[in-house]
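Asker: Submitted below is the structure of interest, expressed as structure tokens.
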Amino acid sequence: MSQAVSTPPKAPGGLEGVVAAKSEICFIDGQAGRLVYRGYEIGDLVENATFEETAHLLWDGELPTRSDLDQLKRDLGASTKLPAHVIAILKALPADTQPMDALRTAASALGATDPDLRSNEPDANRRKAIRLTAQLPTIVTAFHRLRNGQQPVEPDPALSIAANFLYMLNGKRPHDTLTRVMDAALVLHAEHGMNASTFTARVTAATLADIHASVTAALGALKGPLHGGANQDVMELLLECQDPDAAEQRVRDMLNNKQKVPGFGHRVYRTFDPRATFLRKMSKQLGEAAGNTKWYEMSERIMPVAKELKGLSPNVDFFSASAYYTMEIPLDLFTPIFGIARVTGWCAHVMEQHKNNRIIRPTDDYVGPFGKKVVPIEQRG
Ligand SMILES: CC(C)(COP(=O)(O)OP(=O)(O)OC[C@H]1O[C@@H](n2cnc3c(N)ncnc32)[C@H](O)[C@@H]1OP(=O)(O)O)[C@@H](O)C(=O)NCCC(=O)NCCS
């Protein structure tokens, strides 16, 4: 047959507007700039709940009681150490490996010895979600120290995920303000509906692959500069410019030359990303506390330019860049931090997918040729 027999519906570019799943986990209103995790507004959660409480909410559908939370913290604390083979893999990686690649590789390797690897049952998935959430911060900090010729710091099972991350990174106990900011950043990044990495996790889970396979795939998707990789790019832009005037000019030039400015634009939000509202405040407060508001001021100067020239608002990655930099977090750990938070959302989606599964297998809009005939290789030009 030389022609297509039927014309399939046209695929919207980037699957824009396509509903990929029914979900009870997250609601986003892109017009109103509203983000809801399981019925709770993001502003309420970031101000009144910790990252551990948010993880419980995402996985179990409800905020924990005091005893639920104590149990979850004990379980997380008991899971923070890495198996010896994962430490060996981190040691074997070249020191110039990108931390996102180290994280993805080590997260995959965690599956090798996970006692629940072979089960996708809800209880097993929840235990694996706890272990992954506890272990990812240990991977990122251990790799960072190893690449700098330092010994990894043993996790302290009594600390929260946010405090433990900062402790394992720097080898000293973080003060409360820094821990609170880190915790809030994790809450803000924990979940975001059917974004690219979560969709990747769900597609993987829908083949009935396990949660480690799904999280590894999701980490691969998160790395890209159009997704989680943008926060590092924002900071590199600010560092290249060094002052507000230069930053404004640079962004004007980029937009006039049809270049993408990292940290702006979103598939869903048509207004200010509500997460950026909180990160903006955090960036300002951190700058004031550190006696250096330069990065925050540069960010503020860029914002109206992007609005004026392209109608663009900042997304989650814009102010997280200056906030993390002011916290003295190395640039190439910004995206891994996103992963440390988002693993909770990915796991919630994998659990939801496994509970009511059908393989995700869309079709495509074939626009290639028909009717060709194989010419023997000797006769091809
Ligand atoms: C997030 C993003 C990938 C969404 O992509 P999308 O929904 O496919 O939107 P598009 O890339 O088609 O953008 C629509 C229009 O806005 C423009 N635009 C979107 N984001 C832009 C940005 N950051 N800088 C400049 N222009 C941008 C596009 O060039 C396009 O303009 P056009 O219609 O004149 O061609 C996109 O906004 C982007 O690349 N942002 C920068 C990277 C980033 O910050 N990613 C983190 C997301 S949380």
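Asker: Of the residues 69, 63, which is assigned to a helix (DSSP H, G or I) and under 23 Å from residue 189 (Cα atoms)?
Answerer: Numbers: 63 fails: assigned to a helix (DSSP H, G or I).
Result: 69 is the single residue among 69, 63 that is assigned to a helix (DSSP H, G or I) and under 23 Å from residue 189 (Cα atoms).
Asker: Restricting region 292-316 to residues that are open to solvent by less than 10 Å² (accessible area, probe 1.4 Å) and part of a helix (DSSP H, G or I), which is nearest to the ligand (Cβ to nearest atom)? Explain how you work it out, then say what you get.
Answerer: Quick first cut of region 292-316, residues open to solvent by less than 10 Å² (accessible area, probe 1.4 Å) only: 298-299, 302, 305-306, 314, 316.
From what is left, the residues that are part of a helix (DSSP H, G or I) are 298-299, 302, 305-306, 316.
Details: 298: 16, 299: 13, 302: 11, 305: 11, 306: 7, 316: 5 Å.
That would be 316.
Asker: Read through the list (1) farther than 22 Å from residue 223 by Cβ; (2) open to solvent by 70 Å² or more (accessible area, probe 1.4 Å), then give the number of the only condition that residue 98 fails.
Answerer: Evaluating residue 98 over (1) farther than 22 Å from residue 223 by Cβ; (2) open to solvent by 70 Å² or more (accessible area, probe 1.4 Å) leaves (1) as the failure.
Asker: Related question: Take the residues in region 1-28 that are within 16 Å of the ligand (Cβ to nearest atom) and not in a loop (DSSP other than H, G, I, E, B); name whichever of them is modelled with the lowest pLDDT.
Answerer: This residue is 13.
Asker: Just need a number here: residues in region 114-149 that are assigned to a loop (DSSP other than H, G, I, E, B) and open to solvent by less than 10 Å² (accessible area, probe 1.4 Å). It would help to see each step written out before you state the result.
Answerer: Restricting attention to region 114-149, the residues satisfying the condition of being assigned to a loop (DSSP other than H, G, I, E, B) are 114-121, 148-149.
Then keep just the ones that are open to solvent by less than 10 Å² (accessible area, probe 1.4 Å); that gives none.
So the answer is 0.
Asker: In region 70-83, what count of residues is obtained for those that are over 22 Å from residue 350 (Cα atoms) and open to solvent by less than 50 Å² (accessible area, probe 1.4 Å)?
Answerer: So the answer is 3.
Asker: Quick one: residue 106 ticks every box in (1) over 20 Å from residue 334 (Cα atoms); (2) of a type in the set (A, V, I, L, M); (3) assigned to a helix (DSSP H, G or I) bar one, so which box is it?
Answerer: Failed condition: (1).
Asker: What number of residues in region 220-243 are more than 16 Å from the ligand (Cβ to nearest atom) and crowded, with 21+ Cβ neighbours inside 10 Å?
Answerer: Number of matching residues: 0.
Asker: Tell me which residues, restricted to region 318-346, are open to solvent by 10 Å² or more (accessible area, probe 1.4 Å) and not β-branched (Val, Ile, Thr).
Answerer: Looking only at region 318-346, we keep the residues that are open to solvent by 10 Å² or more (accessible area, probe 1.4 Å), and these are 325-328, 330-332.
Passing the criteria: 325, 327, 328, 330, 331, 332.
Asker: Which pairs do you get when a residue that is under 19 Å from residue 334 (Cβ atoms), found in region 225-252, comes within reach of a residue that is β-branched (Val, Ile, Thr) and surrounded by fewer than 19 Cβ atoms within 10 Å (Cβ to Cβ), reach meaning Cβ atoms under 7 angstrom, with the pair 6+ apart or on two chains?
Answerer: Pairs found: none.
Asker: Quick one: which of 21, 11, 55 is over 14 Å from residue 349 (Cα atoms) and hydrophobic (A, V, I, L, M, F, W, C)? Spell out the reasoning first.
Answerer: Values: 21 fails: over 14 Å from residue 349 (Cα atoms); 55 fails: over 14 Å from residue 349 (Cα atoms).
The conditions single out 11.
Asker: Just to be sure, is residue 157 open to solvent by 40 Å² or more (accessible area, probe 1.4 Å), in a loop (DSSP other than H, G, I, E, B), under 22 Å from residue 97 (Cβ atoms) and not polar (S, T, N, Q)?
Answerer: On the way: open to solvent by 40 Å² or more (accessible area, probe 1.4 Å): yes; in a loop (DSSP other than H, G, I, E, B): yes; under 22 Å from residue 97 (Cβ atoms): no; not polar (S, T, N, Q): yes.
Answer is no for this residue.
Asker: Right, something else. If I filter region 254-282 down to residues being more than 12 Å from the ligand (Cβ to nearest atom) and assigned to a helix (DSSP H, G or I), which single residue comes out as surrounded by the fewest Cβ atoms within 10 Å (Cβ to Cβ)? Before you say what the answer is, go through the steps one by one.
Answerer: Here is the first cut: in region 254-282, the ones more than 12 Å from the ligand (Cβ to nearest atom) are 271-272, 274, 277-278, 280-282.
Imposing the further condition that a residue be assigned to a helix (DSSP H, G or I) reduces the set to 274, 277-278, 280-282.
Details: 274: 22, 277: 16, 278: 22, 280: 22, 281: 13, 282: 24.
Step by step, filter region 254-282, then rank; the result is 281.
Asker: Just checking, does region 196-206 include any residue being within 14 Å of the ligand (Cβ to nearest atom), in contact (Cβ under 8 Å) with a residue 60 or more places away in the chain, outside any loop (DSSP other than H, G, I, E, B) and in contact with a His (Cβ under 8 Å, 6 or more places away or on another chain)? Break it down stepwise before answering.
Answerer: Taking region 196-206 as the starting set, the residues that turn out to be within 14 Å of the ligand (Cβ to nearest atom) are 196-199.
In the following step, the residues that additionally are in contact (Cβ under 8 Å) with a residue 60 or more places away in the chain were identified as 197-199.
Narrowing further to those that are outside any loop (DSSP other than H, G, I, E, B): 197-199.
Of the ones still in play, those that are also in contact with a His (Cβ under 8 Å, 6 or more places away or on another chain) are 197-198.
Checking region 196-206: at least one residue is within 14 Å of the ligand (Cβ to nearest atom), in contact (Cβ under 8 Å) with a residue 60 or more places away in the chain, outside any loop (DSSP other than H, G, I, E, B) and in contact with a His (Cβ under 8 Å, 6 or more places away or on another chain).
The values are calculated or read from the model by the stated rules, or taken from the named source; none is laboratory data. None of the values given here were measured: they were computed from a predicted structure. Neighbour counts run over all protein chains shown; Cβ positions are idealised from the backbone, glycine included. Just so you know, the surface numbers come from the protein's heavy atoms only, side chains and all, with ligands and any DNA or RNA stripped out. Shrake-Rupley method; radii C 1.70, N 1.55, O 1.52, S 1.80 Å.
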